[in-house]
Every structure is written in C-alpha cells, then in structure tokens.
Amino acid sequence: MTRHRRLLAALAAGAALALATLGAGAASADQHPTRDAGDTGDAAHAGDAAVPAVAAAGPTPVARAAYATIEGTGSTWSELIVKQWIADVDAIGIKVVYTGGGSSKGRKDFAQNTTDFAISEIPYQGRDEAGQADTSNGRDFSYLPIVAGGTAFTYQLKVGDDLVRNLRLSGETIAKIFTGQITNWNDAQITADNNGRSFPDKTIVPVVRSDGSGTTAQLTSWLDAAYPSIWRPYFGRAGLTSYYPRKGDTMIAQAGSDQVMNTVSGFAGDGTIGYVEYSYPIDKDYPVVKVLNRAGYYVEPTQYNTAVALTKARINRDRSDPTRYLTQILDGVYNNPDPRAYPISSYSYMIIPTAADDRRMTTAKRQSLADFLYYSLCSGQTKAGPYGYSPLTLNLVEAGFEQVAQLKKADPAVDLTDRDVRSCNNPTFDGKDPSRNRLAEIAAMPPACDRQGEGPCGGDTGQNVNNDGSTDPGTTDPSDPGTTDPGTTDPGSTDPGTGPGGVDPGTTGPDGVVPPPGSTGPGGTDPTTDGTRPGAPVVSTDPETGEQVLVGAETTSGLDDPAAEAIFANAQTLDERPPDSRTFGMVAVLELLALVLLPGAFLAFYRRRGVGPRTRS
C-alpha cells in the first residue's frame, strides 16, 4: 500500500512539473509572437534583437499583407489544373478553396457575393436562355485569362471486344452527331472521315451536359460560327448556349465534366460520345477524336496543337464595354490554316473583384489572390501541358497582369513587386525574348497518314504527345510535380541559366513552387540578411483573427526605397496561435492528471466501504 501511494505521489509531481513547464512556455510564446514559417529559431531571435534599429534605419520597408483564405466556384473544364495550382501554393501559405460546379454557377455565385472569384469559359451574357439575368449584379469585376485548352470529343466504340482508339471525324460530322442528323456509327460520312474504314451497326449516344456549362458554351460557340446551317435550325436561333438543348430519346445529359467522362468510359458506355476538356480523357487513358482542321489534317487537342491554334486568337480591347473587355474572339482559331491547329481551342477566364469597397475583400484576400494568380500565370503554366491543357501565350499573360494590377488599384497596400512578364516563368515564352512562342515552335507537323484521304494512322489518341510522337522535355510530369527534365533549356527548370525565369534551387519551395519574390520559402532564412536585416519591422499576431500584422511599421515610403524588402506572412492554422496552444496544452495536462489520479481515488473510496479486491498483508 505504501509503495502504491509513493507511485501516485511521483506521478502527481511529474504532472505538476509538466504544468509548470507549459506555463513557462506559454509565457515565452507571449513574449515572442508566432514567426513566419520561413524563420528558424536563431534568425528569429536575431531579428528580435534588431528591432531597436527600426527607428535608426530610416524608412521601414513595405510589408506584404498576411494571407487570408479565398474561395471560388465555376468551371469544371479548368478544375483539374486549378486544383493542382491550389495544392502547389498551399506550400507557401496561400489557402484557396475551389469547388467547381460549372461556369454558370461560378458567375451566379460571384454576382451574389458568396465567393471571392469565379472561373468561367464565357463572360456574363446579360440574360441566360431562360430569360434570367446573367450579370454581376452590380459587383465590379475584371476578366483575366487563366488557362487554355481544347474541347475534346471522347468516345467508347468497340469492334468486337477491342476499343477503337484512332477515330477521325470532320467538324461537319460532329455537328450532325450532336444535332441528331447522324445516329449510327456505320454512317457513310463517318466511314469517309476514316478513309473507307467502316464501323459496326451501332447507335450513337451523345452525352451532353445537363448543367450550365462553359464547356457547352465553347462547343456551341464553335458550332454556331463554323456550322450555322446545322446548328441554328436545331437550337432555334443563332448564338451559343450554356445549357445544351437535349432532344430525342437517345441523348444522355450529365452534370459536370467528370460525370460525362464517367458515363462514356463506363461499362455500359459502348456507342457513346461526349465533349470534355482534353485533361479528362488523359486522366482516364481514354481515346479522343481527331478533328479535321482547315488545312485538311485530323488532329487532337494536345498542348502543341492548341498553342498553334491560339496564335490566331484575338482579345477584345474595347474598353467602352467592360462586360466584353479582354474576352476572347476565336473566329481566327476556328479557321486557322496551320496543319497543326486544333479548331476547338479556347481559354478560361477568372473573374476577380476590382472595387475598393468590395464587401468580401480585404488586403489579405487581395494579396492571396494576387500571389495565386502570379503563380498560375507563370510557373503554374509549366504543369498545364502534362495535365492536358495548353500554357497561356504571351499576349494572354500580359492581359492577365494588366488585370491583376486592378487589385492594387483597389487597395494600395497590395504588393505587386516583380509581378511582370520579365520575371514570369512561363513555358511558352522567354522573358528576355517574349516575341517567341516556344511551344508553337516545337509543335511538330502532323504525319501524312493524318491527312484527309490518307491513313488513318494506327497510333492511339489521348496520349498527350506531340504530332511526331515525342513529348515536350520542358514541362513537368504530373506524377512527379517537383521535378523537371535536367539538361534541357526548359523554362520551367529551377536551374539558374537553364531557361527564362530560372531561379536558384535553394529558393524553391516544396513541389517546385517558387516562393513570392523576397520571401524565403518554408523552412528557410533569408540568405541575404541572415535574419538581422536593419529596419526589420516587428511581426505580431492578432489574437482574434490569427493574421500576422506589422507593429509600428511605416508603410508610406518603402516603394521608393530600392533596398526595400517585402516581408511575407504565411497563413496560420489554429494550432499555431500561442493562446490556443496554451489552452489546448493545459487541457492535455488536466487529462493526464485525471488519468493518473482518478483510479487511485476510486480504489481508496471502495476500500473504505469494504468493497473491491483485498491485498495480502
């Protein structure tokens, strides 16, 4: 019994010691506020020691605002690459939530002030097909190009047990399939597209979108421009639509690109054909249709063929109509005479808020949006190709930066230092020679067997390769996002001097993410200052919001100081905030005390009552 009491006393003393240690740690945390993730202990204390130098060092540098979570909805056409970018920037503290839902939903959510941004393949239409308003509802905004790609036609067509993987169709044939004029895979027009190769007597089942879809809008915009005599009688009027007009008993409608893809590739999908962004069949390892272009070649929507096609895209520069400013004009793309051009190529827009008094926006949110867009327009584009998209070309990136500047115009505290084409690590151009379109230059010509009246070629489609069967050595493998092919002149490389926009590997973050200029990235210290830079402002943590803010910093003259260095704050999670750490720690100690002391207390209580096991004396 004496031995048991000694054990309980020792455990209680240990718990008391842990509680005392926690209290000392909490007091230390109060004296030293939470630091950026990039600061290590020695550097942070050195920075604290340098605080008295603020007054003597002259003007305090402008500090980048703390990040805050931003939310968006919209395009499923763009969703795969957007989700990849979100995962990338999370490593440097930028928190983005994106839930897709379709372009129409994205525009509506933005208009209702329930999101911070939207992504859509088409601009606001004024009124939708049902006569309902399709406007921003008075919320000021700008359109910003975000990613390019081709609308692909994926299908399941079997001959016996074998899946056909090299189907060719003309635009006219596709138009007739999706308007009910061609209904069987053995149709003579399909046989002619495949140079005499016939297919089984099997009903064609078109799979379209049931929801308001930018992908549908892209398809019907092309149908209306290229095949008006086929499309307009079916639709009942001229123009595009976000809601595909389903007619007859054969056509199937599904919500979202993923469900269209799943329906086509499913066990009951034989005979189906649907339209999705090229990234979806790439992800499923499923074939796509080679579409006949103006030059008489059947091509698929690889990043190369899309990049070539978009060299003929024009941007609406008419500022008198802000609802159409910077929107795409694709007539030249549909009719591009280059043999490599994929005719149904286009790009998505991000819709961003631009009013200074936007009720959802704060400096921290605008900074998150600006830095997320910088990554998306530049380094993030190196991942577009392997995911089945096509990186944005120079003219579109320049248009994007022009609209990012609207965030700073709305809030001068937003820092856009080094946010321009010269520092942009985009694979389609060299910041030192931006007139060149690298991706279009390396796009191979299609083989002779893909010419109308020849072939067809025997290779599989949906493999995301160049027309000569090669792959681009300068883009990132999505299965290993943090690496690039060494030894090439890849603009996405992190080796200094290997390509435009190359950066020191020591400054890249996880997954190949380049931290914003001036930041150290997670887990590192500033190599230029060793943590003791003169004039460093004090970073403190707001106990209510968890945001990191500057204490006593002057922010008026830093932009004019060539030595000014931005300070970057990483988003905080709940368990990183000192008051919460202390609270949760105390709860843990109390639980430990209860675990140790309560069994002994119950044992003593029952023994006094003469209940429980007896020990031998």
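Suppose we keep just the DSSP beta bridges with both residues in region 207-336; what percent of those would be antiparallel, to 5?
The antiparallel proportion sits near 50 percent.
Going by average Cβ neighbours within 10 Å, how do the peptides 68-79, 334-345 rank, with the highest at the top?
Sorting 68-79, 334-345 by mean packing, highest first, produces 68-79, 334-345.
If we sort 303-310, 263-270 on the protection proxy, mean other Cβ atoms within 10 Å, highest first, what's the order?
303-310, 263-270
What are the ³J(HN,Hα) couplings of region 445-461, residue after residue, when phi is run through the Karplus curve with 6.51, -1.76, 1.60 and θ = phi - 60°? Round to Hz, x for glycine and proline.
Going residue by residue, I get 6, x, x, 4, 6, 9, 6, 4, x, 10, x, x, 5, x, x, 6, 8 Hz, with x marking Gly and Pro.
Taking 7 Å along the Cα-to-C-beta vector as the label spot, tell me the Arg294-Asp460 distance in nanometres, rounded to one decimal.
So the label points at Arg294 and Asp460 sit 3.4 nm apart.
Distance in nm between label sites at Thr183 and Ala588, each 7 Å beyond Cα in the beta-carbon direction?
6.9
Using a Förster radius of 60 Å, what is the FRET efficiency between Lys202 and Lys408 based on their Cβ-Cβ separation? Nearest 0.05, please.
So the FRET efficiency works out to roughly 0.55.
Which distance in nm do the two modelled labels at Lys432 and Ala444 give, with both placed 7 Å along the Cα-to-Cβ direction?
If labels sit at Lys432 and Ala444, their model points lie 2.9 nm apart.
Of Lys105/Lys284; Lys312/Lys383; Lys83/Lys383; Lys176/Lys247, which pairs sit farther than 18 Å apart, going by alpha carbon to alpha carbon?
The pairs that break the limit, which is 18 Å between Cα atoms, are Lys105/Lys284; Lys312/Lys383.
For region 258-397, which whole-number percentage of the solvent-accessible area (1.4 Å probe, protein heavy atoms only) is attributable to carbon and sulfur atoms?
46
Out of residues 5 or more away from Ala152 or on other chains, whose amide H comes under 5 Å of its own, with H placed 1.01 Å from N in the peptide plane?
So Ala152 has HN proximity to Val276, Glu277, Tyr278.
Which order do peptides 145-154, 285-294, 114-123 fall in by mean Cβ count within 10 Å, highest first?
Packing order, densest peptide first, comes out as 145-154, 114-123, 285-294.
Could you provide, to the nearest whole Å², the per residue accessible area of region 139-238 with probe 1.4 Å?
31
Shape call for region 150-205 from the C-alpha gyration tensor, a ≥ b ≥ c root eigenvalues: rounded (a/c under 1.5), prolate (a/b greater than b/c) or oblate?
rounded
The values are calculated or read from the model by the stated rules, or taken from the named source; none is laboratory data. No experiment lies behind these values; they were computed from the predicted model shown. Note: ideal-geometry Cβ built from the backbone for every residue, glycine included; neighbour counts use all protein chains shown. Quick note on the areas: whole protein, heavy atoms, side chains included, nothing else; ligands and nucleic acids left out. Shrake-Rupley method; radii C 1.70, N 1.55, O 1.52, S 1.80 Å.
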